Amino acid sequence: MSFWIRNRLLSLFFLTLLFVSLDQFSKIWIKNSLCHKTQYFLCKKLIIIPEMINLTYKENSAAAFSIMSTISYEIRQPILIFASLFGLFFFLSIYFKLKDSNFLVLLSFSLLLGGAIGNLIDRVRLGYVIDFIDISASSIGFPDFHWPVFNIADFFIVVSMIFILFFLSNNAK
């Protein structure tokens, strides 16, 4: 474990690369598995747990939860790319300012950077982010509860933020 901490930059780079790769491969697999090769609007749904978890191909040109979807694409796209780049540099600066670092902190920041870069790659390359994890609570009696479709990069970002906030709040004491 001490290798990872001694080589912070190298470790951060390789773990981030791993998480970006997992995200990008999952999106490529979903698109190729669920969508017709020539007509991507003809996509099927893969049911994992009936009325609870499905894999559904979606193209999201807005931010999380479709925030900013009412703003024109020409304005929204540069704002989202800039916000992603700003966030990457902001969290990199926080990581390298930390004096007390352990493997969980390294892993958390790698997840965060990997998720942010994975979605940024989609946004720059495709003009939208590929989402596919579709969760609802119909099977447990809440037919109207349907979480917005998300992807592995989003999952990485949320999990990492929980760990980072926990770590930073414990170090602030």
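Some observations on this one:
- In the set (1) over 20 Å from ILE162 (Cα atoms); (2) under 17 Å from the mean Cα position of the chain (by Cα); (3) in contact (Cβ under 8 Å) with a residue 40 or more places away in the chain, SER108 fails one condition alone, (1).
- Checking the stated criteria, GLY118 turns out to be in contact (Cβ under 8 Å) with a residue 12 or more places away in the chain and surrounded by 21 or more Cβ atoms within 10 Å (Cβ to Cβ).
- For region 53-90, a residue qualifies if it is among the hydrophobic types (A, V, I, L, M, F, W, C), under 25 Å from TRP147 (Cβ atoms) and touching a residue at least 40 places away in the same chain (Cβ under 8 Å), and the qualifying residues are ILE53, LEU55, ALA64, PHE65, LEU80.
- Among (1) exposed (fewer than 13 other Cβ atoms within 10 Å of the Cβ); (2) of a type outside the set (Ser, Thr, Tyr); (3) within 30 Å of ASN170 (Cα to Cα); (4) more than 20 Å from the chain's Cα centre (by Cα), the one test that LYS44 misses: (3)
- First in region 145-173 and in contact (Cβ under 8 Å) with a residue 12 or more places away in the chain, second anywhere and among the basic types (Lys, Arg), Cβ under 7 Å, 6 or more apart: VAL149/LYS58; ASN151/LYS27
- Matching entry among LEU34, LEU42, LEU92 (being among the hydrophobic types (A, V, I, L, M, F, W, C) and modelled with pLDDT of 90 or more): LEU92
The values are calculated or read from the model by the stated rules, or taken from the named source; none is laboratory data. Since the structure is predicted, the reported quantities are computational estimates derived from the model, not experimental observations. Please note: Cβ atoms are built from the backbone with ideal geometry, for glycine as well, and neighbour counts cover all protein chains shown.
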